[in-house]
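Worksheet for the structure shown next.
The values are calculated or read from the model by the stated rules, or taken from the named source; none is laboratory data. It should be emphasised that the depicted structure is a prediction, and the values quoted were computed from it without experimental measurement. Don't worry about glycine lacking a Cβ; one is built from the backbone with ideal geometry, like all the others, and counts go over all protein chains shown.
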Amino acid sequence: MSTESWTITAPQDVDVADVRRVVVQLTDGSADVVADPGREDDVRVEVAEVSERPLQVSRHDGELRVGYDFAGVEGLVDRARGVRDKDRAVVRLVVPAGVPVKVTTVRAATVVTGAAADLAVATATGPVRVQGTTGSVSVRSASAPVDVAEHVGDARVSTASGAVTVAGALGRVSVSTVTGGVEVVARESTPLVDVRTVSGDVGVRLGAATPVNVRARSVTGTVSLDGVRLESAGRRTTAVDHADRPAEQPGVGAAYVSSSTVSGDLAVSRA
């Protein structure tokens with residue numbers, strides 16, 4: 001097992017070979033990850049800004065780590081107090097498209113473009129944008145907006161109060177929020193959209209020829225399909241079960257939309 005490491009105290013670029021997985025850990029600043037399909041196993045780390053605490057870059061057994069070392073009592077205390085000036089960095093990584101990427105931040109903004117392998121992002125308050133990706137995407141946030149655009153494949157998003165948008169040629173989509181609104185835009189169709197919110201409204205847009213099966217439960221929210229409100233089977237709460245006829249066109253599968261809200265509305269449309 002080979003190991004390399006760099007301590008970054010000023011803006012600089014680092015080229016790292018033999019990388020099979022990328023892990024980024026930041027508190028403040030930003031992380032911009034760009035996938036390059038022409039790269040095989042080398043990663044370019046571009047550090048545009050670094051504050052008082054040195055940024056650590058290391059590669060061990062094929063895993064590249066970029067972030068801060070919070071080991072020791074001082075590091076744990078600083079992190080708990082949310083010290084901003086000691087651990088801020090602005091980094092850009094150019095990675096092979098097929099390398100799995102994991103990004104964890106506290107406040108730092110995250111942008112990932114073009115990744116074609118498993119992607120996982122976790123943040124407290126840093127905004128997240130994922131664009132032009134393929135495969136499985138997982139995003140967890142406390143109170144930041146999440147925007148997944150032009151994605152091909154499955155997507156899972158969990159947040160408390162951040163608005164969520166997921167769009168593309170989607171596979172299975174799962175979204176959980178407390179107060180954040182949710183918009184899912186499937187370019188053609190999707191086998192499953194499962195949304196759980198407390199007070200956030202939910203919008204799902206599908207292709208024009210897509211049959212849809214809807215199962216929605218809410219306390220006070222309403223449910224509509226193509227602008228027409230669906231009647232509830234429940235008297236005191238909203239309970240809607242709707243199933244379209246199978247598509248006449250071969251190869252067009254039904255989209256299953258499931259939602260559970262307290263006061264949020266569900267609107268499903270096809271165009």
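Details
- Residues that are in a strand (DSSP E or B) and either surrounded by fewer than 18 Cβ atoms within 10 Å (Cβ to Cβ) or of a type in the set (Gly, Ala, Ser) (or both), drawn from segment 157-168: Ser158, Ala167, Gly168
- Boolean, Glu183 is exposed (fewer than 15 other Cβ atoms within 10 Å of the Cβ) and either at positive phi or of a type outside the set (Lys, Arg) (or both): no
- Of all residues in segment 14-30, those that are at positive phi have Cβ atoms under 8 Å from Cβ atoms of residues that are among the basic types (Lys, Arg), 6 or more apart or on another chain, in Asp18/Arg59; Gly29/Arg88.
- Selection from segment 100-126 of residues that are touching an Asp or Glu at 6+ places or on another chain (Cβ under 8 Å), outside any strand (DSSP E or B) and either surrounded by fewer than 23 Cβ atoms within 10 Å (Cβ to Cβ) or among the aromatic types (Phe, Trp, Tyr) (or both): Pro100, Val106, Arg107, Gly114
- All of (1) at pLDDT 95 or above; (2) in the same structural domain as Val94 (by TED's automatic domain parsing); (3) in contact with a Leu (Cβ under 9 Å, 6 or more places away or on another chain) hold for Val106 with one exception: (1).
- Some residue of segment 156-174 being at pLDDT below 95, of a type in the set (Lys, Arg) and either closer than 15 Å to Asp265 by Cα or in the same structural domain as Val257 (by TED's automatic domain parsing) (or both): no
- Looking only at residues of segment 158-184 that are among the aliphatic types (A, V, I, L, M) and closer than 17 Å to Thr134 by Cβ, we find that the one that is farthest from the chain's Cα centre (by Cα) is Ala169.
- Of all residues in segment 13-47 being out of contact with any Leu (no Cβ under 8 Å at 6 or more places or on another chain) and acidic (Asp, Glu), the one that is nearest to Thr123 (Cα to Cα): Asp28
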